[in-house]
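Colleague: Supplied in C-alpha cells, the structure appears directly below.
The values are calculated or read from the model by the stated rules, or taken from the named source; none is laboratory data. Remember, predicted model here, so these are calculated numbers, not experimental data. No Cβ is skipped: glycine too gets one built from the backbone with ideal geometry, and neighbour counts run over all protein chains shown. Just so you know, the surface numbers come from the protein's heavy atoms only, side chains and all, with ligands and any DNA or RNA stripped out. Shrake-Rupley method; radii C 1.70, N 1.55, O 1.52, S 1.80 Å.
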Amino acid sequence: MLIAPAFNNSTESIMTTPRSVHASLGIPLRAIPLAASTLLALLALPAAAQGLPTSTASASAVVELNQVVVTGTRRANRTLAESESPVDVISAQDLRSSGSTELATVLGQLLPSLNFPRPSVTDASDAVRPAQLRGLSPDQTLVLVDGKRRHTTGVVNINGSQGRGSSPVDLNAIPVAAIERIEVLRDGAAAQYGSDAIAGVINIVLKKSAKGNTVGLDVGQTDEGDGRRVTGSASLGLSLSDAAWVRLSIESRKQDFTNRAGVDTRDAAAEPRKGQVNNRVGDPDSTQHAAVLNGQLNLDGGLQAYAFGTLSKRDTSAAAFWRTAATAKANNVATLYPEGFLPLQDSTSTDTGLVVGLRGEAAQWRWDASLNHGSNEFKIDVANTANYSLAAASPTRFYAGALKNQQTLANLDLSRDIEAGFAAPVTLALGAEVRREQYDISAGELNSYQGGGASGFPGFQASNAGSHSRHSESVYASAETSLSKDLSASLALRGERYSDFGNASSVKLSSRYVFSPAAALRGTISTGFRAPSLAQQYFATTSTNLINGALVDAGTFPVASAAAAALGAVPLKAEKSSNVSVGLLLQPSRDWQTTIDVYQIDIDKRILLSANLSLPTALRNTLAAQGVLVSAGRYFTNALDTRTRGLDLVSTLRQDWQAWGHSDFSLAYNHNKNTVKHVADNPAVLSANSLTLIDRVTLARATIGSPKDKLVLAVDHSLGAWTARFSATRYGSLTTQGSTAANDQTFNPAWLADVSLGWHSGGLSATVGVDNLNNRYPDRVIAANAVGGILQYSSFSPFGFNGRQYYGRVSYSW
C-alpha cells in the first residue's frame, strides 16, 4: 500500500498558511520551519545509519510514485507524488493481503484512519455495517466509483452501534475482484464533489481494458470452527474490436454465522434451557452475489463512450434477542415455543448502479458528460417469531416491509489547460450537476405490526409508508497550477441549491511548497456541508430495542411528524464544516518516504439521532392520542457542534537484500480526538418531563466511542516465487457510556498480528494465512451491560470479536 509518501522538486507546493489557521491548530508560525527541519533531521538519521542508497531505487517504487491519481484533482496528469492533500492508494494486491473478501473489512485492516466495527443484535445494521473515516459519522464520507457519486443504502442505523443515525454507502456491495485500486482522500472535499465529503472521499477505481483475466477461490473459518466462508470470483476481459472492450467481474460469497454469546441467565430458575447458550451474537449468516460490467468504445473524432453497471444481492439472517419460555408463556405463545424462541431477521439487500457517459475534447476543452442512476432496496422478513396479540394462532413468519433509496444524476465536467506565464499551465475546470433523490418506505403485512407486531422486529406500519423525493442543482469551478518550480496552488468553489432546505456553498484552497529534494510542506483550508438525507428526514418505524438493559418498544419519528413535534423536534438544516490541514513530506532517500499530516475539522449543526427518550405517562398519553403506542421515542436533530483534531503519520521503506530478495516496510498511524463544542438547548417539553435530547450515551458515541488511535506495522518480503507478509495492528482504547456512570466502560488497547505465505508461478498463485494470529478478543463487557450474561463483547470493538481466523486462497491469471 502506498500512502501519498513522496514528492519531487519539479512542480508542486504549499501555500503560506494564514496566521489564523496555525492559531486554530495551536501551532505558532515560527514553529513550522523549526519543526520541519527537526523532523527531517530525526527521520534522516536511520537512513544514514543504514547506508540507504539514494540512486538505486527499484523500478516498481519509482512507478508507484509517478502513478497518476484522479481523486481530489481535475488535472489529467497529477501524480501521487504531487498531491496537495493526503491520498492513500490501495492496490488490488493490497486488497488481497487480508483473509477477508469484504471490502470494508479489508479497508479497516489497511487504513489507520478507517474504523469498521462489526455490530451484532442491532437489526438492519447487522446486514449493512457502517464504516467511519477519522472517527466521524459514516455518512460524512463520500464514496465514488470511477469518480462518479455512489448512492447510499436504504438502511438507517438506529440502534446502539457506531454510525447511529446514518445511511452510508454499502461498501461491501462492490466485489473486490472488480477493483484495480482505491484512492482515499483524507481531506474535506465538498467544494470539489459536493455534499457528504466532510471527512474525506473513497474513490473505487475499476479494472479497465480487455487484458488480464483472473479466477479465484477463497476459503476460511474461525479458530472456534464457525464462520466458515467460501468466495469464488472472476474478472474477465473481452476485446470486441480494436476500438472496444468489455470486462465482467463476478463474485459469490457464502459465510456462516459466528456466535460469541454467553449463557443466558435471565429467568434462570424457571427456564427449561437453563445453562445453555440460546442467543446468537456475532457475524450473521450471509450469502452475496455481485457483478460489475464495464466497457469502453472509441468513436470517431476522439470521442469515447463508456459505461459501468453494478449489481449485488445479499441475503442475511441475523438474530434478535432470545425470548424466554417465561415470555412465551406470559404472551400465550407457549404452544408454539414451549422452550422459548429466537427471532430471526431475514433480509435481502439489492444494490444496483448504472453509469453511462461520453467524453472527448473540443476547442482545447476536455469534457465528460454522464448519467448516473443507483438504487438500494432492503427488504426484511421476521422468522421464528410470533405476534403476541394473536396468541397461539399467530403465524411464525411475517413480511415486515422494505426501505429503498434511489439517486439519479446528470453531470457535465469541462477542463482545459491555459498558459498564464507560470511554471505550469493553469488547469481550469468547470462543471454542473443535476441530482434527484427518492426515499421509499413500504409497509409490512398487517399482522407484522398490529397489536405490537412481530416479536424481534415489528413491521413498518401503514402510517410509516410513503415516497419522498427532492432535487438539487450545483455548479462548480476550480483552478490548479504551479506558480513556480517549487510552489503549486489550487482553488475550488461550489454552489448547490436543494429543493427541500435551500442553498449551500463551499470553498477549498490547497497548496504545496518544496523546500528541497528531501522536504516539502502542504496544506489545505476548506469549508463544507452535508445535506440532511431524505432518510434522516422521513424514516419512521417502531422497533423493539435494548434500552438501559431492558427490551422496549421505541418509535423513530420523522421531524415533521406530530409525534416528533410533541417531543420538541424542529426541521433539519444542513451540516456546516470547516477543515484545516498541514502536512510535512520527507524523503531522506529514494526508497524511504514519510508524511506527517495534522488536521482539524469543525462541524456545526451536526445531524444525529437523539437519545432514546423513555417517555413518562403524560407524553405516552399525548402520543397515544395520535395513535402512536410506544414507551420510548427519538428523532433526528441538529443539536451538536463538534471538533475533530488528529494526526496521520505514514512511512514506507524498501530494502533490497540482493540474493535474499527485497522487503517493503510500512508504518501507518492515526491519532484522532473528537470533542463537543456546543450542545443546543434542550427542548422545553423534554426539560419539563426530566428528559434530555442529547444524553451522555449519545455524546460518548460521537466522541470517545471509536479508537483514539491506531497503528499498523507491516513487512512484505519477496524471494523468487515466494512472498511472506507480517503485520501488527494496535487499536487504541475506546469508551462506552451508559445512562449512568455505573454502566461506563473503557476498553483497553489491543494488538493483533496477521501472517500469510504466498507462492506464485506462471499464472498460478496460492496463499495461506492467519488473521488475528494471537487470538485477541476485546475486553469483556461489565455485568451491567451484559444483558443477563448474553453480551460478552462490545459491538463497538474495532476488530470485532471472532478471534483467530484461518484462510486459504488460490487463483489463476492469464
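Colleague: Can you find, within the stretch 319-366, the residue that is farthest from G451 (Cα to Cα) among those that are among the β-branched types (V, I, T) and assigned to a strand (DSSP E or B)?
Modeller: Just the residues of the stretch 319-366 that are among the β-branched types (V, I, T), to begin with: 324, 327, 333, 335, 348, 350, 352, 355-356.
Then drop every residue that is not assigned to a strand (DSSP E or B), which leaves 348, 350, 352, 355-356.
On the way: T348: 26, T350: 30, T352: 36, V355: 45, V356: 48 Å.
By that ranking, first place goes to V356.
Colleague: A further question follows. Where in the stretch 724-814 are there strands (runs of 3 or more DSSP E), lying wholly inside it, with at least 2 residues that are hydrophobic (A, V, I, L, M, F, W, C), at negative phi and touching a residue at least 40 places away in the same chain (Cβ under 8 Å)? Walk me through how you get there before you give the answer.
Modeller: Details: elements: 734-736, 745-747, 750-761, 764-771, 805-813.
Passing ranges, in order: 750-761, 764-771.
Colleague: So, one more: If we keep just the residues of the stretch 321-363 that are touching a strand residue (DSSP E or B) at 6+ places or on another chain (Cβ under 8 Å) and either of a type in the set (D, E, K, R) or free of Cβ contacts under 8 Å to residues at least 12 places away in the same chain (or both), which is nearest to T265 (Cα to Cα)?
Modeller: R323
Colleague: Would you pick out the residues in the stretch 352-384 that are in contact with a Phe, Trp or Tyr (Cβ under 7 Å, 6 or more places away or on another chain) and open to solvent by less than 60 Å² (accessible area, probe 1.4 Å)?
Modeller: V355, G357, G360, I380, D381, V382
Colleague: State which residue is surrounded by the fewest Cβ atoms within 10 Å (Cβ to Cβ) when the search covers only the stretch 675-689 and only residues that are out of contact with any Lys or Arg (no Cβ under 6 Å at 6 or more places or on another chain) and not in a helix (DSSP H, G or I). Let's see the steps before the verdict.
Modeller: So the first thing to find is which residues in the stretch 675-689 are out of contact with any Lys or Arg (no Cβ under 6 Å at 6 or more places or on another chain), and the list is 676, 678-689.
Then keep just the ones that are not in a helix (DSSP H, G or I); that gives 676, 678-683, 689.
Details: V676: 14, H678: 12, V679: 15, A680: 14, D681: 9, N682: 15, P683: 19, N689: 17.
Out of the qualifying residues, it is D681.
Colleague: Considering the stretch 725-738 alone, what residues qualify as being surrounded by fewer than 17 Cβ atoms within 10 Å (Cβ to Cβ) and of a type in the set (G, A, S)? Quick ask: steps written out before the conclusion?
Modeller: The first filter runs over the stretch 725-738 and keeps only residues surrounded by fewer than 17 Cβ atoms within 10 Å (Cβ to Cβ), leaving 726, 728, 730, 733, 735.
Scanning the stretch 725-738 gives A728, S733.
Colleague: Can you tell which of A261, A270 is touching a helix residue (DSSP H, G or I) at 6+ places or on another chain (Cβ under 7 Å) and either among the small types (G, A, S) or open to solvent by less than 40 Å² (accessible area, probe 1.4 Å) (or both)?
Modeller: Working: A261 fails: touching a helix residue (DSSP H, G or I) at 6+ places or on another chain (Cβ under 7 Å).
Matching residue, one of A261, A270: A270.
Residue-by-condition table, conditions (1) over 24 Å from D187 (Cβ atoms); (2) in contact with a helix residue (DSSP H, G or I) (Cβ under 7 Å, 6 or more places away or on another chain):
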site	(1), (2)
H671	no, no
V676	no, yes
D681	yes, no
L686	yes, no
N689	yes, yes
D695	yes, no
A700	yes, no
D709	no, no
L713	yes, no
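Colleague: Taking into account only those residues within the stretch 293-304 that are part of a strand (DSSP E or B) and open to solvent by 20 Å² or more (accessible area, probe 1.4 Å), which is farthest from V145 (Cα to Cα)? Let's see the steps before the verdict.
Modeller: Going residue by residue through the stretch 293-304, those that are part of a strand (DSSP E or B) are 293-298, 304.
Now drop any that are not open to solvent by 20 Å² or more (accessible area, probe 1.4 Å), which leaves 293, 296-298, 304.
On the way: L293: 13, Q296: 16, L297: 19, N298: 21, Q304: 18 Å.
Among residues in the stretch 293-304 that are part of a strand (DSSP E or B) and open to solvent by 20 Å² or more (accessible area, probe 1.4 Å), the one farthest from V145 (Cα to Cα) is N298.
Colleague: In the list A290, A307, which residue meets the criterion of being farther than 20 Å from V382 by Cβ, part of a strand (DSSP E or B) and open to solvent by 30 Å² or more (accessible area, probe 1.4 Å)?
Modeller: On the way: A290 fails: open to solvent by 30 Å² or more (accessible area, probe 1.4 Å).
Answer to the selection: A307.
Colleague: Restricting attention to the stretch 413-436, report how many residues are open to solvent by less than 30 Å² (accessible area, probe 1.4 Å) and part of a strand (DSSP E or B). First the steps, then the outcome.
Modeller: First pass over the stretch 413-436, keeping only residues open to solvent by less than 30 Å² (accessible area, probe 1.4 Å): 415, 424, 426-427, 429, 431, 433, 435.
If we keep only those that are part of a strand (DSSP E or B) as well, we get 415, 426-427, 429, 431, 433, 435.
Matching residues across the stretch 413-436 total 7.
Colleague: Here is a further query. Any chance you could count how many residues in the stretch 788-804 are in contact with a strand residue (DSSP E or B) (Cβ under 7 Å, 6 or more places away or on another chain), open to solvent by 20 Å² or more (accessible area, probe 1.4 Å) and farther than 19 Å from R701 by Cα?
Modeller: Here the count works out to 2.
Colleague: Related question: Could you list all residues from the stretch 758-777 that are under 28 Å from N802 (Cα atoms) and either among the hydrophobic types (A, V, I, L, M, F, W, C) or touching a Pro at 6+ places or on another chain (Cβ under 8 Å) (or both)? Write out each step before concluding.
Modeller: Step one: of the stretch 758-777, the residues under 28 Å from N802 (Cα atoms) are 758-759, 765-777.
Those that are under 28 Å from N802 (Cα atoms) and either among the hydrophobic types (A, V, I, L, M, F, W, C) or touching a Pro at 6+ places or on another chain (Cβ under 8 Å) (or both): W759, A766, V768, V770, L773.
Colleague: Quickly run through the stretch 456-480 and pick out the residues that are buried (at least 17 other Cβ atoms within 10 Å of the Cβ), hydroxyl-bearing (S, T, Y) and either modelled with pLDDT under 95 or on the phi > 0 side of the Ramachandran plot (or both).
Modeller: none
Colleague: Report yes if A400 is in a strand (DSSP E or B), open to solvent by 10 Å² or more (accessible area, probe 1.4 Å) and among the hydrophobic types (A, V, I, L, M, F, W, C), otherwise no. Even if it seems obvious, please write down each step before you answer.
Modeller: Working: in a strand (DSSP E or B): yes; open to solvent by 10 Å² or more (accessible area, probe 1.4 Å): no; among the hydrophobic types (A, V, I, L, M, F, W, C): yes.
No; evaluated as a whole, the condition is false for this residue.
Colleague: Name the single residue that is nearest to I174 (Cα to Cα) among those in the stretch 310-339 being among the small types (G, A, S) and surrounded by fewer than 22 Cβ atoms within 10 Å (Cβ to Cβ). I'd like the intermediate steps shown before the answer.
Modeller: First, the residues of the stretch 310-339 that are among the small types (G, A, S): 312, 317-320, 325-326, 328, 330, 334.
Keeping just the survivors that are surrounded by fewer than 22 Cβ atoms within 10 Å (Cβ to Cβ) gives 312, 317, 325-326, 328, 330, 334.
On the way: S312: 7, S317: 20, A325: 42, A326: 44, A328: 41, A330: 46, A334: 44 Å.
Filtering first and then ranking leaves S312.
Colleague: Of everything in the stretch 657-680, what is touching a residue at least 60 places away in the same chain (Cβ under 8 Å) and among the aliphatic types (A, V, I, L, M)? Give them in sequence order.
Modeller: Across the stretch 657-680, the qualifying residue is only A668.
Colleague: Of T692, T698, T703, T637, which residue is out of contact with any Asp or Glu (no Cβ under 9 Å at 6 or more places or on another chain) and either open to solvent by 30 Å² or more (accessible area, probe 1.4 Å) or among the acidic types (D, E) (or both)?
Modeller: Details: T698 fails: either open to solvent by 30 Å² or more (accessible area, probe 1.4 Å) or among the acidic types (D, E) (or both); T703 fails: either open to solvent by 30 Å² or more (accessible area, probe 1.4 Å) or among the acidic types (D, E) (or both); T637 fails: either open to solvent by 30 Å² or more (accessible area, probe 1.4 Å) or among the acidic types (D, E) (or both).
On inspection, the qualifying residue turns out to be T692.
Colleague: Of (1) at negative phi; (2) assigned to a loop (DSSP other than H, G, I, E, B), L144 satisfies all except one. Which?
Modeller: (2)
Colleague: Would you mind telling me which numbered condition in (1) open to solvent by 20 Å² or more (accessible area, probe 1.4 Å); (2) assigned to a loop (DSSP other than H, G, I, E, B) N279 fails?
Modeller: (1)
Colleague: Kindly indicate whether S761 is within 28 Å of A721 (Cβ to Cβ) and surrounded by fewer than 16 Cβ atoms within 10 Å (Cβ to Cβ).
Modeller: On the way: within 28 Å of A721 (Cβ to Cβ): yes; surrounded by fewer than 16 Cβ atoms within 10 Å (Cβ to Cβ): yes.
Here the answer is yes, as S761 does meet what is asked.
Colleague: For the stretch 481-506, give me the residue count where each residue is outside any loop (DSSP other than H, G, I, E, B) and either under 14 Å from A400 (Cβ atoms) or open to solvent by 60 Å² or more (accessible area, probe 1.4 Å) (or both).
Modeller: In the first step, residues of the stretch 481-506 are kept if they are outside any loop (DSSP other than H, G, I, E, B); the result is 481-482, 487-498, 502-506.
Filter once more, so that each one left must be either under 14 Å from A400 (Cβ atoms) or open to solvent by 60 Å² or more (accessible area, probe 1.4 Å) (or both): 491, 493, 497, 503, 505.
Total satisfying the criteria: 5.
Colleague: Would you please name the residue that is modelled with the highest pLDDT, looking only at residues in the stretch 253-268 that are under 16 Å from G340 (Cβ atoms) and among the acidic types (D, E)?
Modeller: The qualifying residue modelled with the highest pLDDT is D264.
Colleague: Considering only residues that are more than 23 Å from the chain's Cα centre (by Cα), surrounded by fewer than 22 Cβ atoms within 10 Å (Cβ to Cβ) and not small (G, A, S), which ones fall in the stretch 522-542?
Modeller: I525
Colleague: Given the structure, is T408 among the β-branched types (V, I, T) and either part of a strand (DSSP E or B) or within 30 Å of Q192 (Cα to Cα) (or both)? Before you say what the answer is, go through the steps one by one.
Modeller: Working: among the β-branched types (V, I, T): yes; either part of a strand (DSSP E or B) or within 30 Å of Q192 (Cα to Cα) (or both): yes.
Against the criterion (among the β-branched types (V, I, T) and either part of a strand (DSSP E or B) or within 30 Å of Q192 (Cα to Cα) (or both)), T408 qualifies.
Residues are listed down the side, and each one gets a yes or a no for (1) crowded, with 24+ Cβ neighbours inside 10 Å; (2) under 28 Å from S252 (Cβ atoms); (3) modelled with pLDDT of 95 or more:
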position: K148; (1), (2), (3): no, yes, yes
position: N159; (1), (2), (3): no, no, no
position: Q162; (1), (2), (3): yes, no, no
position: I174; (1), (2), (3): yes, yes, yes
position: A177; (1), (2), (3): yes, yes, yes
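Colleague: Further, regarding this structure: Which of the following residues is out of contact with any Cys (no Cβ under 9 Å at 6 or more places or on another chain), closer than 30 Å to F801 by Cβ, free of Cβ contacts under 8 Å to residues at least 40 places away in the same chain and open to solvent by less than 30 Å² (accessible area, probe 1.4 Å): G225, G216, G200, G237? So that I can check it myself, show each step before the final result.
Modeller: On the way: G216 fails: free of Cβ contacts under 8 Å to residues at least 40 places away in the same chain; G200 fails: free of Cβ contacts under 8 Å to residues at least 40 places away in the same chain; G237 fails: closer than 30 Å to F801 by Cβ.
Going through G225, G216, G200, G237 in turn, just one is out of contact with any Cys (no Cβ under 9 Å at 6 or more places or on another chain), closer than 30 Å to F801 by Cβ, free of Cβ contacts under 8 Å to residues at least 40 places away in the same chain and open to solvent by less than 30 Å² (accessible area, probe 1.4 Å): G225.
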